[in-house]
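S.K.: Can you keep this structure in mind? I'll have questions shortly.
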Amino acid sequence: MTVLLAAWLALASARAAEAAAAGAKTVSLPGDEIELKTADGWTLKARYKAAEPGKATAVLLHGRGMRKEWWLRLARALTKAGYGFLAPDLGGHGESQTAPDGQTLHWRKMKATRHENDFEAMANDIQAVVARLAQDTVAEESIALIGQDVGGSVALKYAAVHPKISLLVMLSPGLKYQEVTTVNAMRAYKNRPVLLVYGELDKTASREAPILYQFAKLSVGEGRATVMAIPNLPGHKLLTSAVVRQIVDWLGNPLPPEPPQASSGTLDADVSGPGVDENSGDAPALDDIR
């Protein structure tokens, strides 16, 4: 009896998973379906919605084990606000499981070591997206990268060596997802707005995002770094209507207003002393980012 019950539960679980996967495929993001080819040979499926004139375009990079439809609520809000977006299924995920050798490769079988890292190589996925946007005369300066967990890590590392990327949003950021490290990349990112969003129920992000935020402030300046800690939510459920609204609002105004200038008669003395730069540090060369 116990064996039969276990078999029935396993079958029911498998059917539920299949139904969930089928349901996910029926949910379509706004925009058009497109196909991208990466420099290292992956074939990627993506959805693209062009921006209204004068508006930025967001590149949406999902996390490990997810797919582009995870961005549905944010994609709809971006579209409503006039922003464009391009959301790929990253290599090994969703409909993008055709590897360079022509074989099917699922994300569970992708390698993530210091010497061979398929997730680190997703920088090629971003490059393919940026190249496709360039065909639509979308300049790098009007591109925002928005990534979830390892998607955010790869986005940061890409932006660190592509200074024309205008800004960065990292959801559930960490210090080392799938061996893709972020601290040195954040130190090299420099002088552009960055937003870190994490759920307080996410054990990894709630522990590591505040650390990365400290590096962000040193790299970009305190006024350009923003962190949002969302109570009572795990990372995979971050995109509530309220959080989506905050992200879209931040995209429209990523820099805080300038504080009023103090008059010379009331200006306090500079307690940091001459020649002190709070943003200085032994940041590595870009070739050393790991």
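S.K.: Just to verify a number: what accessible area does Glu222 come out at with the full protein assembly present, 1.4 Å probe, Å² rounded to tens?
M.R.: Per-residue accessible area (Glu222): approximately 130 Å².
S.K.: Given the pairs Lys45/Lys68; Lys217/Lys237; Lys68/Lys217; Lys190/Lys217; Lys68/Lys157, which span a C-alpha to C-alpha distance of over 18 angstrom in this model? All intermediate terms of the calculation are to be shown ahead of the outcome.
M.R.: Working: Lys45/Lys68 9 Å; Lys217/Lys237 26 Å; Lys68/Lys217 30 Å; Lys190/Lys217 9 Å; Lys68/Lys157 20 Å.
Checking Cα-Cα distances, Lys217/Lys237; Lys68/Lys217; Lys68/Lys157 exceed 18 Å.
S.K.: Something else now. Suppose we keep just the DSSP beta bridges with both residues in the stretch 164-245; what percent of those would be antiparallel, to 5?
M.R.: That works out to approximately 15 percent antiparallel.
S.K.: Mind checking the full-extension length gain between Ile211 and Gln103? Use 0.36 nm per residue of separation minus the Cα-Cα distance, one decimal, nm. Before the final figure, lay out the partial values.
M.R.: On the way: separation 108, 0.36 × 108 = 38.88 nm, distance 3.95 nm.
Value of the extension gain: 34.9 nm.
S.K.: Net charge near Pro30, counting Lys/Arg +1 and Asp/Glu -1 over other residues with Cβ under 10 Å of its Cβ? Mind showing how you got there, number by number?
M.R.: Working: positive: Arg47, Lys49, Arg76, Lys80; negative: Asp32.
Computed value for this residue: +3.
S.K.: A follow-up question, please. What relative contact order, as a whole-number percentage, does the stretch 49-151 give when Cα pairs under 8 Å and 6 or more residues apart are counted?
M.R.: Reported as a whole number, the value is 36 percent.
S.K.: Please turn the phi angles of the stretch 164-181 into ³J(HN,Hα) values with the Karplus equation 6.51 cos²θ - 1.76 cosθ + 1.60 (θ = phi - 60°), one per residue in order, whole Hz, x for glycine and proline.
M.R.: Ordered by residue, 3J(HN,Hα) equals 7, 4, 6, 6, 9, 10, 10, 9, 6, x, x, 8, 7, 7, 6, 6, 9, 8 Hz.
S.K.: In whole Hz, what ³J(HN,Hα) sequence does the stretch 95-107 give by Karplus (6.51, -1.76, 1.60; θ = phi - 60°), x for Gly and Pro?
M.R.: 8, 10, 10, 8, 6, x, 7, x, 8, 7, 10, 8, 4
S.K.: Simple spin-label model, 7 Å along Cα-to-Cβ: Asn253 to Arg114 in nm?
M.R.: The answer from the label model is 4.6 nm.
S.K.: Just the number, please: percent antiparallel of the DSSP beta bridges in the stretch 66-216, rounded to the nearest 5.
M.R.: Given both bridge residues lie in the stretch 66-216, the antiparallel proportion sits at roughly 35 percent.
S.K.: Calculate the FRET efficiency for Lys237 and Ala134 from the Cβ-Cβ distance with a Förster distance of 22 Å, rounded to the nearest 0.05.
M.R.: Given R0 = 22 Å and the Cβ-Cβ separation, E is 0.05.
S.K.: Per residue, what accessible area does the stretch 31-150 have, given a 1.4 Å probe and all protein chains present, in Å²?
M.R.: Here the per-residue accessible area is 45 Å².
S.K.: Read phi for every residue in the stretch 233-240 and hand back ³J(HN,Hα) as whole Hz from Karplus 6.51 cos²θ - 1.76 cosθ + 1.60, θ = phi - 60°, with x for Gly and Pro.
M.R.: 9, x, x, 6, 10, 5, 7, 6
S.K.: Distance from the Cα centre of the stretch 187-227 to that of the stretch 151-168, in angstrom?
M.R.: Cα centroid to Cα centroid, the span is 13 Å.
The values are calculated or read from the model by the stated rules, or taken from the named source; none is laboratory data. Quick caveat, the model's predicted, so the values are computed rather than measured. Ideal geometry is used to build each Cβ from the backbone, glycine not excepted, and the neighbour counts take in all protein chains shown. Ligands, DNA and RNA are excluded from the accessible area calculation, which covers all protein heavy atoms including side chains. Shrake-Rupley method; radii C 1.70, N 1.55, O 1.52, S 1.80 Å.
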